[in-house]
Structure formats: C-alpha cells, structure tokens
1. Please enumerate, by chain and number, the lysines with C-alpha under 19 Å from the C-alpha of LYS159, excluding those fewer than 8 residues away in the same chain.
2. Using a/c under 1.5 as the rounded threshold, could you call the stretch 146-217 rounded, prolate or oblate? The axes a ≥ b ≥ c are square roots of the C-alpha gyration tensor eigenvalues, and prolate needs a/b larger than b/c, oblate otherwise.
3. Using R₀ = 41 Å, calculate the FRET efficiency as 1/(1 + (r/R₀)^6) where r is the Cβ-Cβ separation of ILE144 and LYS78; round to 0.05.
4. Tilt of helix 103-112 relative to the longest C-alpha principal axis of the chain, in degrees (0 to 90, nearest 10)?
5. Nearest 20 debye, what's the magnitude of the dipole of the chain about its Cα centre given +1 on Lys and Arg Cβ and -1 on Asp and Glu Cβ?
6. Packing-wise, with mean Cβ within 10 Å as the measure, how do 120-128, 38-46 rank, highest first?
7. Round to the nearest 0.05 the FRET efficiency obtained for GLU189 and ARG113 when R0 = 25 Å and r is the Cβ-Cβ distance.
8. Against the longest alpha carbon principal axis of the chain, how many degrees, from 0 to 90 and to the nearest 10, is the axis of helix 81-92 turned?
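Readers should treat all values here as calculations from the given coordinates under stated rules, not as data from a laboratory. Here the structure is a predicted model, which is why all the values come from computation and not from measurement. Here the Cβ positions follow ideal geometry from the backbone for every residue, glycine too, while neighbour counts run over all protein chains shown.
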Amino acid sequence: MDLSVLLLMPKKIIALDFDRTLFDTEHFKIALSKSLKKYGIPPVLWRQTYERSIPKNLIKYQIYRPEKHAKIIQKLTKVDAEKILDAFHKVTKQASKFIYKETAPVLKFFVNRNFTLYLVSFGDCAHQRGKIEHSGIAKYFKKIIISNKPKASIKFPDKTIVVDDNILEIKNLYKKYKDTIILVWLNRENKKTKLPESIIKIKNLKNLFKLYNFRTL
Ligand SMILES: [Mg+2]
C-alpha cells in the first residue's frame, strides 16, 4: 500500500490488538505453566491441558478460560482448583513484565502526537481485563474494548488504522472494511503469507513510527 493514504487521515485513530501485538503472550503462558510447580505440577501438564480449556467453537481464536483449565488440572492432580487459579492470578498481577519493550514507547509517541488510541482485545473478559489492568499500558487508551466477537463485528470509524497480529482477523476485516479502514498486519514471526497489497505489513511495532514519519515528510 502507498503510505501516502495516511496523509489523508482526518481523525488519527489507531486501534491496537493486545495479545501478541502489545503483550508477549507466549512468555506469559510459559510463566502460567511454571506457576504450578509449587504444587508438584509440571509445566508440561499445563501445556497438555491448555487447548482443552478453550471452547471448541473458539479454538481458532484461542479464547482461554483459566477457570476451566484449573478444573481440568484439578481432576488430573487432585490439587484444589482454587489454589491453581490463585497461582494463575499471581502471574496475571505481573502482566506488566510481559509487555514488549517497544510497546510503551510506541504508544507514548502516538499519544503525544494527538493520536487517539483504542485497545481492541479479544478473549474471555475477566481474564483479559486482568491482564490489561496489570499491564501498565491501559492509561494510553481512550477506549478499551474487550470482546468475544471477531473484530470484523466492530464498526471502526473511517480511516482508523487497525493493527493486529492475527491473520484471520486481518483477512476478515479486509473483507468487510477494505475501503474504509487502514489495516496493518504485525508479522513478528515473519510468516510467508500472501495478503492483498493494500494491507500494510510490519515486523515490529516500532515500524509504526514510519507511518508517522511519512506524514511529516
Ligand atoms: Mg493478537
């Protein structure tokens, strides 16, 4: 896509995804898996039961349910689900440790330049709210939307820049809003996926600076 389209942005809204976009979900999951060691539960058991705690109809979107997970682990280990959940909550309280190092500088940069930021996060509401609340970055956002619905069901204002790492979300948003919003696919893992030209592809959140720099040329 020709980035000059960004020069025409009237409202300067950026809607950012949370997991794997601003937040290192993989490292957070590793910490969750290790949190049960004190009860003699190995991380591998956490991993093996993880997928089963995601409702089948939502598996492609990876909606995790810690309460369900705790119950599954309780059945297998006889460790009280309450204790397991408590261990999970302790990790959640440290969510700020799992924010990518470039996240806050990038958010700050855009807020200081009068961009309006939305956080649009997908997932189980209470769990997701806990992560966001303890992440230390909520203050940068004018609006925080936590939803169990795909992002294409949200009506974004015209010319909103939507940043997401999830290819499925990007494809669905493209189908529905390709003429009204600006899509940015954050491809941290350098996946070789063909996407339409008009979708901006970046490998690191810091590449968003380029969008702004272009505006000032
Ligand atoms: Mg994501």
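1. LYS11, LYS12, LYS142, LYS143, LYS151, LYS171, LYS175, LYS176, LYS178, LYS201, LYS210
2. Numbers: a/c = 1.68, a/b = 1.23, b/c = 1.36.
Judged from the Cα gyration tensor, the stretch 146-217 comes out oblate (a/c at least 1.5, b/c at or above a/b).
3. On the way: r = 38 Å, r/R0 = 0.93.
Plugging the Cβ-Cβ distance into 1/(1 + (r/R0)^6) gives 0.60.
4. Its long axis makes an angle of about 40 degrees.
5. Values: 45 positive and 20 negative charges, 32 e Å.
Here the chain has a charge dipole of around 160 debye.
6. Working: 120-128: 19.1, 38-46: 14.3.
Those peptides, ordered most packed to least, come out 120-128, 38-46.
7. Here the calculated transfer efficiency is 0.30.
8. Approximately 30 degrees, to the nearest ten.
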